Each structure stands twice: as C-alpha cells, then as structure tokens.
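> Just passing along the structure, written as structure tokens.
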Amino acid sequence: MKNTISSTNDPSLRVGVVGLGHWGPNHARHFSRLAQLTGICDSQAARLHKVRDLYPGSRCYQDFGEMLAECPLDAVVIATPTSSHEKLVTAALRAGKHVLCEKPLGLSSRLTRQLCAEARRNRRVLMVGHTFLFNPGIRYLRDTMANRKCGRIFYLHSKRTHYGLFRPDVSVVWDLASHDVAIFNFLLNTEPIEVSAVGHDWLRKGIQDLSFITLRYPGNVMAHVHVSWLDPKKEREIMVVGDKKMLVWQDMASPGPVFIYDRFVVKEPAVMREFGDFQLFPKEGDITIPKLNLEEPLLVQAREFLAAVRENRRPLSDGAFASRIVAVLEAIDQSMKARGKPIKLSRAGVR
C-alpha cells in the first residue's frame with residue numbers, strides 16, 4: 001500500500017460530487033481547487049440551490065443517473081447515506097468513472113467484494129473515504145510503531161463519542177467504529193482475527209447508540225473500541241501501549257494531537273521468592289509532544305484519489321481495504337446479537 005501522496009493539482013480531471021449533506025460540500029470545496037468540478041448532484045433541491053451558486057461552472061442535477069449520462073466526468077465522489085452506496089458505486093463504475101465513496105463502502109462484505117471486482121473489470125480506481133488514514137497524527141503513530149520505537153505492541157484503545165448526529169440508516173458501530181477499525185488495521189498493518197461486542201439501542205430499536213468492542217489481532221495484540229452517540233463530551237482518542245513507549249492521539253488536544261509517554265515496565269528477579277519469580281517495576285520518563293505539519297485530512301485524501309487516478313495505481317484505503325472493514329463490522333453486529341459471543345474472522349470475512 002503506497003503512502004506517498006502527490007500534492008500536484010490536476011485541472012484536466014473532471015469530477016462530480018453526489019450528496020450535498022454533511023460531507024458533500026467539503027468534497028466539492030476541495031475538488032473545485034484540485035481538479036475540475038464539473039457536476040454536483042443531490043435529490044433535495046434546497047441543498048442543490050444552496051451549493052450551486054458557489055460553483056457557477058458546475059452542472060447541477062437532482063438525478064444521479066442523469067448526471068452520469070449527460071455530464072462529462074472522469075470521476076465521481078459519492079457522499080450519500082451508507083444504504084445507497086452499493087447501488088451508486090455500481091452505476092458509476094459501469095459508466096466508466098473512477099469512484100471515491102464515503103465510508104463505509106457498503107452494508108455487506110459480499111456485495112463490497114463485488115464492487116471491487118467491478119472496479120477491476122472496468123479498470124477504474126475505487127477508493128473509500130477512511131479519512132483518518134490521512135490524519136497527520138495517525139500517520140505519525142503508524143510511523144513510530146513501524147520503526148519499532150514502541151517495542152512490542154500490547155494493546156490499543158479508542159474512544160469516539162459525541163452527543164447527537166444520529167444516522168438514520170446505520171448504527172453507531174457503522175458510523176463511528178468504522179473509523180477506529182480502519183485506524184487499527186492501518187496502524188498494525190493487519191486485520192483482526194476475532195471480535196466480540198456488546199451494545200444497546202435505547203433510541204431506535206435495532207440501531208445501536210452505544211457499543212463496546214474488543215478485537216484480537218495476530219501476535220496477541222488486543223484492541224478495544226468505545227463508541228457512543230449518547231455521551232456528554234465529544235472525544236476522539238487513540239492510545240497505543242507498547243513495552244517501550246506509550247502513544248496517545250487526541251484529535252482536539254493542545255498544543256498538539258500526539259503525546260509520547262516514555263513509560264515501560266521492568267522485570268527484575270524477586271528477592272526472597274522462589275527461583276524464576278520476577279518483580280515488576282514501572283519506569284517513567286518524559287512526555288514528548290512532537291511538532292506535526294497539520295493539514296486537513298480530507299484535502300490530503302482528495303489529493304491521493306486524484307494521484308491514484310492519474311498514475312493508474314491502487315490508492316491508500318482502496319476498495320479491498322474498505323471491504324475488509326465491512327467484514328469486521330458485520331462480525332461486530334453478529335457478536336452484539338449474540339450478547340458478546342466471540343466471532344472469528346478470516347481474510348474473506350466471518351468464519
């Protein structure tokens with residue numbers, strides 16, 4: 001998976017954005033700067049009118065099929081509700097367009113694998129907006145872990161909570177935990193082999209508002225995720241615990257998002273105990289806050305998508321990566337229905 005992201009704009013690439021709700025206007029803003037924003041589409045006329053005056057050179061549509069048929073496009077950005085992704089991505093790929101789709105790619109790993117096959121058949125780039133993979137703090141964590149500065153990784157923990165922004169078609173797991181599963185897979189460069197989870201649906205039956213998730217990764221690495229729409233505080237935190245150092249990323253922290261804790265445990269032979277016993281001594285050093293070059297992740301992601309199209313290569317967070325995230329989310333749902341029963345996974349999905 002290539003990590004170098006081009007910063008070159010490409011005004012020759014013609015891009016359309018469908019979905020002008022939460023994220024769509026931000027995609028339109030970036031692609032109008034980096035490429036040629038040729039078309040914008042939303043089924044709600046009020047949303048379309050609100051955005052159309054910002055981009056007078058873009059054609060406006062309320063029907064996606066009409067935009068695909070009439071608007072000269074090289075690529076489309078799909079920022080619609082998750083339940084519509086599979087249908088819209090399929091239509092775009094069959095129309096010969098490169099696709100950047102908001103996460104998650106779909107609601108079924110079987111169908112998302114079909115989308116990947118469709119992209120290969122049509123020789124088109126399929127990328128999914130797992131935006132935190134382009135966050136400079138998260139990338140700093142990955143580089144630090146890859147350089148073995150943390151030593152052996154014991155476990156990871158994430159907390160992603162806020163109050164409100166309830167999705168109408170997916171649970172808090174598919175909305176928020178999809179970020180953390182993608183981050184953990186990215187940091188560890190592998191995928192979980194087992195998951196267990198519990199959750200609850202207080203507000204709407206069958207749509208969980210809260211979930212506690214445990215993932216087991218190869219190498220005896222554990223990870224835990226806490227996601228909630230019903231928390232009084234908005235928090236975005238990732239913690240990495242190794243046997244040499246500990247890392248914490250907090251999205252809204254000051255003076256910087258990453259904290260490096262020089263903390264580790266030393267084993268020493270026990271005194272007045274049986275042979276082979278050890279005593280554990282916690283050691284504590286400095287806390288370092290590295291200076292990072294902060295840049296809006298959505299902008300970096302847009303550059304990566306355009307570079308992948310231009311260079312005819314797989315992007316970071318391609319369809320295959322995203323499809324495996326969907327398989328994990330399916331397993332989490334299965335475990336929640338079984339009141340926390342562990343569910344094993346293979347690379348192809350639930351076993």
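> Per DSSP helix of 4 or more residues, -39500 (n - 2.57); summed, then divided by the residues of the chain. What does that give at 222 nm, rounded to the nearest 500?
-9500 deg cm²/dmol
> Specify, per residue and in Å³, the volume enclosed by the convex hull of the alpha carbon atoms belonging to region 40-83.
Dividing the Cα hull volume of region 40-83 by its residue count gives 85 Å³.
> If I fit a long axis through the Cα atoms of helix 85-94 and take the longest principal axis of the Cα atoms of the chain, what angle between them do I get, 0 to 90°, rounded to 10?
Rounded to the nearest ten degrees, it is 60.
> Counting other Cβ atoms within 10 Å, keep those with at most 14, restrict to DSSP loop, and tell me which GluC sites (Glu not before Pro) in region 248-327 are left.
Glu274, Glu295
> Turning to a different aspect of this structure: By how many degrees, 0 to 90 and rounded to 10, does the Cα axis of helix 136-146 deviate from the longest principal axis of the chain?
For 136-146 against the chain, the angle is about 50 degrees.
> Please sort by residue number the trypsin sites (Lys or Arg not before Pro) in region 144-253 whose DSSP state is loop and whose Cβ has at most 10 other Cβ atoms within 10 Å.
In loop regions of region 144-253 (DSSP not H, G, I, E or B), the sparsely surrounded trypsin sites (Lys or Arg not before Pro) are Lys205.
> From Cα pairs below 8 angstrom and at least 6 apart in sequence, can you work out the relative contact order of the chain, rounded to a whole percent?
Relative contact order here is 19 percent.
> Quick check on region 1-90: what are the equivalent-ellipsoid semi-axes from the Cα gyration tensor, as sqrt(5λ), descending, whole Å?
20, 16, 13
> Quick check: the angle from helix 109-122's long axis to the longest principal axis of the chain, C-alpha only, nearest 10 degrees?
Around 50 degrees separate the two axes.
> Per-residue HN-Hα couplings for region 69-78, Karplus 6.51 cos²θ - 1.76 cosθ + 1.60 at θ = phi - 60°, whole Hz, x for Gly and Pro?
Here the 3J(HN,Hα) series is 6, 9, 8, x, 10, 9, 8, 10, 10, 9 Hz.
> Any chance you could list P(r) for the chain, counting all Cα-Cα pairs in 10 angstrom bins from zero, rounded to whole %?
Bin by bin from 0 Å, the calculated values are 5, 23, 31, 25, 11, 3, 1, 1, 0.
> I need to check one value: relative contact order of region 89-244, counting alpha carbon pairs closer than 8 Å and at least 6 residues apart, in percent.
Answer for region 89-244 is 27 percent.
> Follow-up. How far is the Cα center of region 288-351 from the Cα center of region 149-179, in Å?
Value for the Cα centre distance between the two parts: 12 Å.
> Could you give the longest part of the chain that holds none of the chymotrypsin sites (Phe, Trp or Tyr not before Pro) found in DSSP loops with at most 15 neighbouring Cβ atoms within 10 Å?
So the longest stretch without any such site is 1-165.
> Would you pull out the residues with amide H under 5 Å of Arg59's amide H, same chain only if 5 or more places away, H placed 1.01 Å from N?
Those lying under 5 Å, H to H, from Arg59 are Gly39, Ile40.
> Quote the charge dipole size of the chain about the Cα centre in Debye, to the nearest 20; the model charges only the Cβ of Lys and Arg (+1) and of Asp and Glu (-1).
My answer is approximately 700 debye.
None of the figures in this text is laboratory data; all of them are computed from the coordinates on show. Treat the numbers as computed from the prediction; the structure is a model and nothing was measured. Positions of Cβ are generated from backbone atoms using ideal geometry, with glycine treated the same way; all protein chains shown enter the neighbour counts.
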